[in-house]
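Beneath this line is the structure, given in structure tokens, with notes to follow.
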Amino acid sequence: MNKKIKDFLFQNKVVILFVILCVGATIASKQPLTFVIPELFTRIARNSFIVLSLIIPVIAGMGLNFGIVIGAMAAQIALFLTTYWGLTGISGFIATVALATPFSVLFGYLVGRLFNRAKGSEMICGLVLGYLAEGFYQFIFLFVFGGIIAMNNPTLMIATGVGVKNTIDLKDTVKYALDTVPMLTILEIGFYVFLIATACSLGIKFFKKQAVDWKKTGLTVGIAVVIYGLSFIKPIEQFLSADRLLLLSAVEVLCFATVVWQVLQFVLFKVVKKNSEDAGPNTYDPRRSLAYIGAAAVVYGLTYIPALYNVLIMVKLPVMTYLCIAALCGFNNILLRTRLGQNMRTVGQSRVVANAAGINVDRTRIIAMIFSTVLASWGQLIFLQNVGTMSTYGAHTQVGQFAIAALLVGGASVQKATNKQALLGIVLFHTLFIVSPLAGKELFGDPVIGEYFRVFVSYGVIAMALAMHAWKKVAKPKEEDSVSIDESDSQILRV
Amino acid sequence: MSTSENYVLKMDNIVKEYSGNRVLKGVNLYIRPGEIHALMGENGAGKSTLMNILFGMPVIHNTGGFEGTVQVNGQEANIDTPLKAMELGIGMVHQEFMLIPGFTVTENIKVGRETTTSNLVSRIFGKSMETLDKKSMRKDAKTALKTIGLQIEDYVKVAGLPVGYMQFIEIARELDKTGIKILVFDEPTAVLTESEADRLLDAMRVIAAQGIAIVFITHRLDEVMAVADSMTVLRDGEFVARKEIKDTSAVEIAELMIGRKVEKLVDESTEPDTRQISEDNIAVSLRNYKVDMPGEQVRGIDLDIRRGEIFGIGGLAGQGKLGIPNGIQGLYKAEGEVKINGEPLDLEKLGDALNHKVAFVSEDRRGVGLLLEESIEENIIFSAMYTNGKFLKKIGWMHLYDGAAGKAHAEDMVKTLDIRCTGIRQAAGRLSGGNQQKVCLARALTLEPDVLFVSEPTRGIDIGAKKLVLEYLAKLNREQGVTVIIVSSELTELRSISDRIAIVSDGKLACILKPDASDADFGLAMSGAWKGGQES
Amino acid sequence: MKSMINKFGLPRIIIAGFFLLLVMGAAYFDMNMPQLMGDVLRRWGMFGILALAMVPAVQCGIGLNFGISMGIVGGLLGGIIVIQLNIAQNPALVAIHPLFAGWAAILTAILIGVVLAVGIGYLYGLLLNKVKGSEMTVTTYVGFSVIAFMNMVWMLLPFDNGELIWPNAGKGMRNTISLASSFSEVMSKTGEFSIGDFSVPTGMLLFFFFMCFLMWLFMRSRTGLAMSAAGANPMFAKAAGINVDKMRLVGTVLSTVLAAVGILVYAQGYGFMQLYNGPMMMGFTSVAAVLIGGATPKRALIVHVLVGTFLFQGIMTLGLPVVNQILPEGNLSEVMRMIISNGIIIYALTQTKGGDGRE
């Protein structure tokens, strides 16, 4: 037992260190939670998407993708163009996404090609590539826009007409475009998308003369209609017509949903008895359901504590943005359950085995890079629409740096990264980001110290992760050799 | 057993050349369904080339293809990619495991051939977006595991399983491939313990009983006698014989493998042999000597090499003969007692062998033997400069390289050994294999050694250079009294120059033979039939 | 023709061609060529030693040392201590000759810097021996981290000389420290002579060449040769009885020491010392310079340093005025610097097969 605890502490040493650091810095900063937590949730909404875009390359064995900077650049080129064309609101945002996507697909493909030529040093290559791309980016914004492509817009361009101004104000264009989509609209769109998808699926099955599970289809459509119908009830409609969700309501809804979900699972378990022969590692356990329901109840109870309550009613969540983040988490998970995802894992674990198994290693790696770059560009757009201004020559420079640091703070490594680690990392890293200047001021009389500290943390955590990874790589072969001989002698007895 | 006409695999009159060098000279391989067929031969006999042809490896087709015909199931087959081989039902159990430690047993068995179900997204974006059908994958995996009788849960990770299990998972993966007809086992027992190997042989019988033909590449005679139905022997790229096991004996197989070679590599010296060799004057003495060299483990050797003799160390690849000089030189971790001319050698101390006047010419010329980008001159003088402080001049407190002395010596060596180059400033990496070997030799000689280890002295060099190198070694031994120890896979060359030959098998000394001992003796010693170091 | 390209390498031909183009451009725009050429020489001497720091690093096998910021930090500390102690203003020294006082100051700074760099380099070398095969990735980020860490240190160090700290009550040291009252241009001004507008910073160039000479001597010594062998082929070195790890340590320490010396020479030529994020990208500039000169991640010679620094700094010096003539808008010479320096690094990384080459 003691060893178990030790192992747990050792494996999560980075996370534990940062939890301590965050708590310490928050206390030192003397800021109330009512300040820190709303700020934190804003930053989670802004930054999560781009951090999550780092996961796929890690799975495909390409390490931490410093090349996401290039995705961010694609986003900013697209955003500049749509701003120049005067597109606004959510439609403007969608147009920007649509424009950024082909750019980032192209860039991702090129980066992937390059990384295939520098296998094993993708990370340093990605970093330098970011600086190189910065050169081309500045060339485009300083010279091509206005110099080669004539652009006449005094608010965006420098007075000479050649080159783009330092900052672009998005207040009247796409600021909060995604954040302010009302829940009602989301629900409606979701409902229609679902109907169309179901129809398509049925159509294809008919066309290919495959069997259709009418009962299941009917049931899901029925549930969808009921949920959609619920939104016509006045109080619910009123609740849904807001574009931000109170954190308190979010917690309540979450607790409720957990209880419903677990009860449903329990019922399904009782009704559809699974044959016990197929015992795998993930069999359903009613006790776990009970634990979940208990936890939900406790969390709900906690909301009645005044201190927490005060915080909870301070925070308003942009629903659509959080849904996008959730969708990306879902996408990362579902991808792993497809053939492509499995191929990526195989390539990530061993290129030799993947090759022998007939997987096109280079192609898989390029696809991983395209995914990551596209997602990063979308993430940058989400970030910019929330911030509301675009610093033309600065908004993208630290993107890779901070996103990677956040991922690592959450306990990820060069070879392993999960959604959970990404989200935990964002919470910890940005807590530190918020409070460290204030803590610096309280402790050293100067907020700049705190700012330097957080920069140091972001570099330091990356340096440490890279060094640990390299260290393991050197130490590993020796261990394997010695183990194989000893073990085969002792364990063969059990065969 | 079916009639002799009914073969699942017929490879007829296979000829393969690598840039003018014929490595296969008309080889036949006939295998019946459901039989275990042993493919035997020394290193370099052409076994791996033959298998590369069978699997359509790119290395064959990038070098001009091959001649001859391959028939699978009576049908002419044109196997030009590994994928094609897979489709024809030819599978391979690799010597190095092609397994991913972080994956479960199921995932490893189904790697690259996952069963999937289509979904809405996959209908638009193609097959790669199909969802994995974990349930059916697990079912397949369980079936395959059951076939070979491995009791293991299909959802555990491979990492941490014993080596024996890994081999079985590898086999299960091949069995899971639909329509597998021929399964190649490439030295499968090399990494296994004895009881694991026995289990593997049992599994092979089970698989063969299901009608799958097995090609069993091995050099262990006892295993062949125990499990195989028939066998083919190759030697130097030539087809020697195909025999039914029941019609032959271990001694006959050993003879077939070695063969009598009449090649004369060293001219008989006309001068009388005036060397004083005696059991009391030992140059190198090994006691319980072990070396941890990956792929060439030495597992405890006792050996005495007499001062002034030419001593050969032979054996098949991977048996540990190469570990002996590499361990003494400090390239890999070694333990045990080593004495050079009676003085103990500190194996922990880097460069101690050099201090005892032991020089080493490595078998890995490009990896260990040379600084490829540096000049011939630097390559020749380097070790002597570093170890003995030669070619250095003192200016103030600094020891600087004495260019003039180095140049003179290098030019001298180039002349003596007839190194063909554009000049001593030429980069060593640009020389041909034979000339590179001479540069390595020159460096060792510059050290003026008492004992010279030469590892694979003639690997990859042409016959002319071969002769010159061997003759030079003999001259060195006769004229300067250097104890020469030649480690080589080529028995012919050892037999033509050595006074005595030690055969190493399984990391241990099998025996010490006279060069004129019989072929069967050499064959049996190399195939692990003799254990313990008896002297004939 | 083809062998020519192979011998010099395509990138070098392109960059040399570009340099010649810029020279012609400058002549075409009727610029002050002698002055520009003088500038090229000055910057050659300024950056040369920083680029020279790559030679022992590459030769000992740790590859391109993006982490010379470690040594730079040591050099900066040396410089700061000298200013704090006011050595250049010491009346006894100034009485002999103002330049002598300056030399005393910079040599003291170099001495302190070297001592610090030996310590830092040793620790750095120990780290690098643990991460064989991925040195470049690790050194880059360790270098960045050290700079970030030093940002905090610069804020907190208790120096109080007026030249060093912010004038009005700000905390910590200045971003840019003027060397006018200490050792600004002492090397450049020593023995300087001018032909018209073409001025030659004799002292600085001599010092640079002297360092190159010392390096050349070292490379021909027993240790130097052993170090190169350890870097070129560790197994070969081991077979010759060389302790590879120790040789890597020697190379790393030397590289770090040269970086410390290099930054001080750079600072005296520039007239200012930049703290905080100033030296962050110095590693990249130096790496790019040797690569332009023909080095690879496995092999770097002194001639690569001489040629590479000259070409790179030549392009930088000429590029600014020429490009501004053609395209007056924006800071395009900065764009050019980014593309050239990072482009050549990417090129070098993709040329070494399989990155760390151990597949």
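The values are calculated or read from the model by the stated rules, or taken from the named source; none is laboratory data. Bear in mind the structure is a predicted one, so any value in this text is a computation, not a measurement. Note that each Cβ is placed from the backbone with ideal geometry, even for glycine, and that neighbours are counted across all protein chains shown.
Here are a few things to note about the model shown:
- No other residue among B:Glu87, B:Glu114 is on the phi < 0 side of the Ramachandran plot and facing chain A (nearest Cβ under 9 Å) apart from B:Glu114.
- Any hit, segment B:239-246, residues being farther than 22 Å from B:Ala525 by Cβ, of a type in the set (Lys, Arg) and modelled with pLDDT of 85 or more: yes
- Summed over segment A:331-366, the residues that are aliphatic (A, V, I, L, M) and touching a Phe, Trp or Tyr at 6+ places or on another chain (Cβ under 7 Å) give a count of 1.
- Remark: pairs (first residue in segment C:339-350, more than 7 Å from every other protein chain (Cβ to nearest Cβ); second residue crowded, with 21+ Cβ neighbours inside 10 Å and of a type in the set (A, V, I, L, M); Cβ separation under 6 Å; 6+ apart in sequence or on different chains) = C:Ser341/C:Ala288; C:Ile344/C:Ala288; C:Ile344/C:Leu291; C:Ile344/C:Ile292; C:Ala348/C:Leu291.
- Some residue of segment B:376-385 being part of a helix (DSSP H, G or I), facing chain C (nearest Cβ under 10 Å), over 32 Å from the mean Cα position of the chain (by Cα) and buried (at least 19 other Cβ atoms within 10 Å of the Cβ): yes
- Among the helices (runs of 4 or more DSSP H) confined to segment C:51-152, the ones with at least 3 residues that are free of Cβ contacts under 8 Å to residues at least 12 places away in the same chain and more than 11 Å from every other protein chain (Cβ to nearest Cβ) are located at C:91-96, C:98-130.
- Some residue of segment B:467-488 being under 25 Å from the mean Cα position of the chain (by Cα) and within 25 Å of B:Glu252 (Cα to Cα): yes
- Just one of the listed residues (B:Gly26, B:Gly34, B:Gly65, B:Gly44) is modelled with pLDDT of 85 or more and in a loop (DSSP other than H, G, I, E, B), namely B:Gly34.
- Residues in segment A:212-243 that are over 30 Å from the mean Cα position of the chain (by Cα) and aromatic (Phe, Trp, Tyr): A:Trp214, A:Phe232.
- Segment C:179-238 holds no helices (runs of 4 or more DSSP H) entirely within its bounds that carry 3 or more residues that are small (Gly, Ala, Ser) and more than 10 Å from chain B (Cβ to nearest Cβ).
- The lone exception for B:Ala190 - which of (1) at pLDDT 85 or above; (2) part of a helix (DSSP H, G or I); (3) within 31 Å of the chain's Cα centre (by Cα) it fails: (1)
- Exactly one residue out of B:Ala474, B:Ala520, B:Ala502 is surrounded by fewer than 24 Cβ atoms within 10 Å (Cβ to Cβ) and modelled with pLDDT of 85 or more: that is B:Ala474.
- Some residue of segment C:247-264 being away from chain B (no Cβ under 14 Å), within 28 Å of C:Asn342 (Cα to Cα), without any contact (Cβ under 8 Å) to a residue 40 or more places away in the chain and part of a helix (DSSP H, G or I): no
- B:Glu174 falls short of the stated requirement of being free of Cβ contacts under 8 Å to residues at least 60 places away in the same chain, among the charged types (D, E, K, R), more than 8 Å from chain A (Cβ to nearest Cβ) and under 30 Å from B:Tyr30 (Cα atoms).
- Test set (1) more than 14 Å from chain A (Cβ to nearest Cβ); (2) crowded, with 17+ Cβ neighbours inside 10 Å - B:Ile100 fails condition number: (1)
- Residue within segment B:294-303 that is more than 19 Å from B:Ala510 (Cα to Cα) and either in contact with a Gly (Cβ under 8 Å, 6 or more places away or on another chain) or without any contact (Cβ under 8 Å) to a residue 60 or more places away in the chain (or both) present: yes
- Residues that are facing chain B (nearest Cβ under 9 Å) and outside any helix (DSSP H, G or I) were ranked within segment A:302-357; the one that is farthest from the chain's Cα centre (by Cα) is A:Ala357.
- Residues satisfying the stated conditions in segment A:1-54, i.e. free of Cβ contacts under 8 Å to residues at least 60 places away in the same chain and surrounded by 15 or more Cβ atoms within 10 Å (Cβ to Cβ): A:Phe35
- Test: residue in segment B:420-436 that is touching a helix residue (DSSP H, G or I) at 6+ places or on another chain (Cβ under 7 Å) and within 12 Å of another protein chain (Cβ to nearest Cβ): yes
- Enumeration of residues in segment C:183-214 that are modelled with pLDDT of 90 or more and out of contact with any helix residue (DSSP H, G or I) (no Cβ under 6 Å at 6 or more places or on another chain): C:Leu206, C:Phe209, C:Phe210, C:Phe213, C:Leu214
- Any hit, segment B:402-412, residues being assigned to a loop (DSSP other than H, G, I, E, B) and either surrounded by fewer than 16 Cβ atoms within 10 Å (Cβ to Cβ) or not hydroxyl-bearing (Ser, Thr, Tyr) (or both): yes
- Answer from A:Leu187, A:Leu178, A:Leu129, A:Leu142 - the residue that is part of a helix (DSSP H, G or I), under 24 Å from the mean Cα position of the chain (by Cα) and within 28 Å of A:Phe66 (Cβ to Cβ): A:Leu129
- Each residue in segment C:138-158 was checked for being over 25 Å from the mean Cα position of the chain (by Cα) and over 14 Å from C:Leu275 (Cα atoms), and 1 pass.
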